[in-house]
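*Asks:* Pasting in a structure now, in structure tokens, and then I'll have a few things to ask.
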Amino acid sequence: MSGLNAFPDLRLRRLRRTAGLRAMFDLEVPSPAKWCWPTFVVPGLGIKEEIASMPGQYRYSVDQLLPAVEAVVKQGIGSVLLFGQHDHAKDNGGSGAWDDHGPVQEAVRHLKRAFPELTVMTDVCLCAYTHHGHCAPLRPDGSLDNDAGCECLAKVALSHAAAGADVVAPSAMMDGQVAAIRTALSENQFDDTLLMAYSTKFCSGCYGPFRDAEQSAPQAVPGMPADRKGYQASYGNPRNALMESILDEQEGADILMVKPALFYLDMIRAVKEQTLLPVAAYNVSGEYSMLIATAERGWGDLRELVRESTLAMTRAGTDLIISYWASRYNEMFR
Ligand code: PBG
Ligand code: ZN
């Protein structure tokens, strides 16, 4: 190559030398409207307990959730994603999950009344409500009853939609769950309810703090190990994991998701290239807590780590960021 367009005339550092130039050309951190805050609702009154493995995140009873969400709404965050627990005895099918007066359903009603503009999403799964902690009922031999699971998940989604949820988000990774939920919603005139599929959800070591928060760890029972490897996607098989998202689109999902986010940036990009639907990335509990743990040991600066990892999701093509950092948006990004 000849001419001036080479070193020493060409110097790329010129474009990033000052803060003003960097701000001019850098991608921006997504505005808070493009963030969703996942949080935890428990039965009772006056409860706000910090989750030991997720500093800065709490379990709330409905009355305490309202002021917490108000603080999040004030920062401009566009949506919340609710996870629940119930004081009903856990059973094989997780029936507490479709109690119309469960904590999630009550929280949805209160939130929609208090913050009509807020988009309220609900996680649709059974693992916090089954006595074995798996995401679908088990047969007597310990095997997973996938299709019975889909029927239960459809009941949960209907119950959330009836309470006023704007978005239902099935996370159980059962085959056919999206179709079952979409059909149930359509048959019950919930044609405006959005369905966000946890479509490419991996079996990940990064869910540990969440399971602590939700008391939803899978148990070993005869015929079923204490893990979700037989239903969540295998990180060694990206083609199978990508097909999960393709199928969920065909089954009627409105939004696709990759989860976790930071360990799976390639999958965010791959899903994005396969669809015209919006793609969400779930920056999960372990990804949140590991940055805090690093910073607490003095091995990194928390704000820098949060900002750098957030831009990674954006570069990969994420449309909606589901992240515990949403509740700390001002602290991290302003
Ligand atoms: C339940 C569910 C899990 C998460 C979201 N929904 C845990 C799991 O699959 O065991 C993980 C969220 C997080 O780690 O932040 N199906
Ligand atoms: Zn589950």
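*Asks:* Can you list the HN-Hα couplings for region 143-148, worked out from phi with the Karplus curve (6.51, -1.76, 1.60; θ = phi - 60°), rounded to whole Hz and with x for Gly and Pro?
*Replies:* Taking θ as phi minus 60°, the curve returns 6, 7, 8, 3, 6, 5 Hz for region 143-148.
*Asks:* Of the accessible area of region 89-186, with the probe set at 1.4 angstrom, what percent is carbon plus sulfur?
*Replies:* On the way: 1700 of 3270 Å².
Of all accessible area on region 89-186, carbon and sulfur atoms account for 52 percent.
*Asks:* Quick one: check the C-alpha center-to-center distance for region 17-96 versus region 107-131, whole angstrom.
*Replies:* If you average the Cα positions of each part, the centres end up 11 Å apart.
*Asks:* At 0.36 nm per residue, minus the direct Cα-Cα distance, what do R297 and A162 gain on full extension? Give it in nm, one decimal, please.
*Replies:* Residue separation times 0.36 nm, minus the Cα-Cα distance, leaves 44.0 nm.
*Asks:* Can you list residues whose amide H is under 5 Å from I47's amide H, if they're 5+ apart or on another chain and H is modeled 1.01 Å from N?
*Replies:* Excluding prolines and chain starts, which carry no amide H, the hits are S61, Q64.
*Asks:* While we're here: If you rank K229, K272 by how much accessible surface each has, with a 1.4 Å probe, what is the order from largest down? Walk me through the intermediate numbers first.
*Replies:* Working: K229 150, K272 65 Å².
The residues order as K229, K272, largest area first.
*Asks:* Moving on to the next point. To the nearest 10 square angstrom, how much accessible area does I77 have with a 1.4 angstrom probe?
*Replies:* 10
*Asks:* Here is a follow-up. Dipole of the chain (Lys/Arg Cβ +1, Asp/Glu Cβ -1, origin at the Cα centre): which of L82, F333, C135 lies farthest to the positive side?
*Replies:* Among L82, F333, C135, the one farthest towards the positive end of the dipole of the chain is F333.
*Asks:* Which chymotrypsin sites (Phe, Trp or Tyr not before Pro) from region 251-317 combine a DSSP loop assignment with at most 14 other Cβ atoms within 10 Å?
*Replies:* W299
*Asks:* Which percent of the accessible heavy-atom area of region 23-79 goes to carbon and sulfur, probe 1.4 angstrom? Intermediate values should be presented prior to the final figure.
*Replies:* On the way: 1480 of 2640 Å².
Answer for region 23-79 is 56 percent, counting heavy atoms of protein chains only.
*Asks:* Okay, next question. Evaluate E = 1/(1 + (r/R0)^6) for D100 and M243, where r is the Cβ-Cβ distance and R0 equals 45 Å; express this FRET efficiency to the nearest 0.05.
*Replies:* Details: r = 35 Å, r/R0 = 0.78.
Given R0 = 45 Å and the Cβ-Cβ separation, E is 0.80.
*Asks:* While we're looking at this one, here's another question. Calculate, in nm to one decimal, what D266 and K74 gain on full extension: separation in residues at 0.36 nm each, minus their alpha carbon distance.
*Replies:* Working: separation 192, 0.36 × 192 = 69.12 nm, distance 3.32 nm.
Full extension of this stretch gives 65.8 nm more.
*Asks:* Here is a follow-up. How much accessible area per residue does region 78-138 have, counting only protein heavy atoms and a probe of 1.4 Å, in square angstrom? The partial results should precede the final answer.
*Replies:* Numbers: 2040 Å² over 61 residues.
Using a 1.4 Å probe on heavy atoms only, each residue of region 78-138 averages 33 Å².
*Asks:* For a label point 7 angstrom out from the Cα of D147 toward its Cβ, which stretches of region 174-207 have the backbone nitrogen within less than 14 Å?
*Replies:* Residues 175-177, 180 fall inside that zone.
*Asks:* Using 0.36 nm times the number of residues separating L21 and H88, minus their current alpha carbon distance, what extension gain do you get?
*Replies:* Stretched out fully, the L21 to H88 stretch lengthens by 18.4 nm.
The values are calculated or read from the model by the stated rules, or taken from the named source; none is laboratory data. In this text, all values refer to a predicted model and were calculated from it rather than measured experimentally. All Cβ positions, even for glycine, are placed from backbone atoms using ideal geometry, and neighbour counts span all protein chains on display. Just the protein is used for accessible areas: all its heavy atoms, side chains included, with ligands, DNA and RNA removed. Shrake-Rupley method; radii C 1.70, N 1.55, O 1.52, S 1.80 Å.
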